[in-house]
1. Would you pick out the residues in the stretch 144-162 that are buried (at least 16 other Cβ atoms within 10 Å of the Cβ) and β-branched (Val, Ile, Thr)?
2. Find all pairs meeting these conditions: Cβ atoms under 6 angstrom apart; at least six residues apart or on different chains; first residue within the stretch 148-167 and within 17 Å of Ser132 (Cα to Cα) and in contact (Cβ under 8 Å) with a residue 40 or more places away in the chain; second residue open to solvent by less than 60 Å² (accessible area, probe 1.4 Å) and of a type in the set (D, E, K, R).
3. Would you point out the residue of the stretch 46-73, among those that are within 16 Å of Asp106 (Cα to Cα) and not hydroxyl-bearing (Ser, Thr, Tyr), that is modelled with the lowest pLDDT?
4. Taking only the stretch 125-135 into account, find how many residues are in a strand (DSSP E or B) and open to solvent by 90 Å² or more (accessible area, probe 1.4 Å).
5. Of all residues being modelled with pLDDT under 90 and in a strand (DSSP E or B) in the stretch 22-34, which is nearest to Lys72 (Cα to Cα)? Just the residue, please.
6. What's the number of the condition Ser138 fails, among (1) open to solvent by 70 Å² or more (accessible area, probe 1.4 Å); (2) part of a loop (DSSP other than H, G, I, E, B); (3) of a type in the set (Ser, Thr, Tyr)?
Amino acid sequence: INKLNFQNSPLKSNEIFCCSKFNSGIFFGTGSGLYYFSENKLKIVDKPELNKQKISAIYASDDLLFVSVWGKGIYCFDKNFNMKLTLDKTNGLTNLYISSIILNKDELWFGTIGNGVGVFNFKNKNILYYTSKDGLISSDISVLYFDKYLDSIWIGFWGPGIVTTVEE
């Protein structure tokens, strides 16, 4: 294991909440913003939506980067870091405390603390929520994972365990 020395870097917080590979580097979500590590250098991503914010979840597809800011919403950027989409209370996000993000075909799935799993459909721009009222064992989600081999989604909870969308 190689220990990286960030003593003289722009890193303002030692708390790393999430990370994801995108383009030719790795993004780190911290308690003080989003950072990008590439070519042995760490740089802060200087975007007003992300500066000095707690980044709680990151998901990278081939051409899009989804970033959740704790208490603010989800932001989507392209490879050139142009804003492509914002999900917040103005367009149907009912819970701004996002713990996990994944992409599944034409849908963005996100886990929340207290409101279960949200599913944003890119085609019709609607958000559906699945909570303990719909059969989840809890509405406090810790992690989501898309299993491409089973074509299913694994849902991890704060406390009671894990479930999958695979039909028996």
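The values are calculated or read from the model by the stated rules, or taken from the named source; none is laboratory data. Because the structure is a prediction, the values reported are computed rather than measured. Every residue, glycine among them, receives a Cβ derived from its backbone with ideal geometry; neighbour counts consider all protein chains shown. What goes into the accessible areas is simple: the full protein's heavy atoms, side chains included, and nothing from ligands, DNA or RNA. Shrake-Rupley method; radii C 1.70, N 1.55, O 1.52, S 1.80 Å.
1. Within the stretch 144-162, Ile153, Ile155 meet the criteria.
2. Trp158/Asp140
3. Pass one, the stretch 46-73, residues within 16 Å of Asp106 (Cα to Cα): 59-66.
If we keep only those that are not hydroxyl-bearing (Ser, Thr, Tyr) as well, we get 60, 62-66.
Numbers: Ala60: 93, Asp62: 86, Asp63: 90, Leu64: 93, Leu65: 94, Phe66: 96.
My answer is Asp62.
4. Initial filter on the stretch 125-135 (in a strand (DSSP E or B)): 127-130.
Right, trim to open to solvent by 90 Å² or more (accessible area, probe 1.4 Å) and you get 128, 130.
Within the stretch 125-135, residues that are in a strand (DSSP E or B) and open to solvent by 90 Å² or more (accessible area, probe 1.4 Å) number 2.
5. Taking the candidates together, the pick is Phe22.
6. Against the list (1) open to solvent by 70 Å² or more (accessible area, probe 1.4 Å); (2) part of a loop (DSSP other than H, G, I, E, B); (3) of a type in the set (Ser, Thr, Tyr), Ser138 comes up short only on (1).
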